[in-house]
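Have a look at the structure below, then the notes.
The values are calculated or read from the model by the stated rules, or taken from the named source; none is laboratory data. The shown structure was predicted, so the numbers you read here are calculated from the model rather than taken from an experiment. Note that each Cβ is placed from the backbone with ideal geometry, even for glycine, and that neighbours are counted across all protein chains shown.
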Amino acid sequence: MIWYPKKMSGQLTRIGPAAGLTSLVKRFQEAFPAIHYDLFWETRLANAQAFISGLGRCVRLYGGLGRHREIGVEGLAFALAHETGHHLGGPPRHPFYASLSSERRASEWALSTGLPEVFGSTVGHRYGYYGLMQLAGMWPRHVVDPEPFDV
Ligand SMILES: [Zn+2]
């Protein structure tokens, strides 16, 4: 993952427990039917992941991220869009996983394509902007590029 480094501030919309997150995942599933989404709620792992399994291209969201106090619906939506971008973003490719798009490309795709497609242009851009802020505060190790995205 790659998160834009910016201080945590601004909007954070709480999402309900598993039910609210399930409906968020469902929106992505409907928008991108080629991807298999799932929610692994019973874990403290605060992460999301793109991977390829016997089912094909998969995106998994972990419960520790879904329950995190500093992560609202914006951050969760961005995480889902970023992971989807690893599958659908195209080149440049990830240096270690040739079947996935690079970290930067996955985030660019999330902002330019993924979030607007799921939420519409206005909400999609807002989710991208605030979602990046929320995630940047949490995973500073994933910040590899100081350039702001054009949101
Ligand atoms: Zn990533």
### Query
With Ala98, Ala136 as the choices, which residue is in a helix (DSSP H, G or I) and either out of contact with any strand residue (DSSP E or B) (no Cβ under 9 Å at 6 or more places or on another chain) or crowded, with 21+ Cβ neighbours inside 10 Å (or both)?
Ala136
### Task
Specify which of the listed residues (Ala98, Ala106, Ala46) is modelled with pLDDT under 95, within 16 Å of the ligand (Cβ to nearest atom) and in contact with an Asp or Glu (Cβ under 9 Å, 6 or more places away or on another chain).
Ala106
#### Entry: Extreme residue, nearest to Met133 (Cα to Cα), among residues of the stretch 1-43 that are aromatic (Phe, Trp, Tyr) and modelled with pLDDT of 65 or more
Phe28
### Task
Could you list all residues from the stretch 115-128 that are without any contact (Cβ under 8 Å) to a residue 40 or more places away in the chain and assigned to a helix (DSSP H, G or I)?
Leu115, Pro116, Ser121, Thr122, Val123, Gly124, His125
### Task
Would you tally the residues in the stretch 76-105 being hydrophobic (A, V, I, L, M, F, W, C) and within 9 Å of the chain's Cα centre (by Cα)?
6
### Query
What residue, among those in the stretch 71-95 that are touching a helix residue (DSSP H, G or I) at 6+ places or on another chain (Cβ under 6 Å), over 14 Å from Leu21 (Cβ atoms) and not in a helix (DSSP H, G or I), is farthest from the ligand (Cβ to nearest atom)?
Pro92
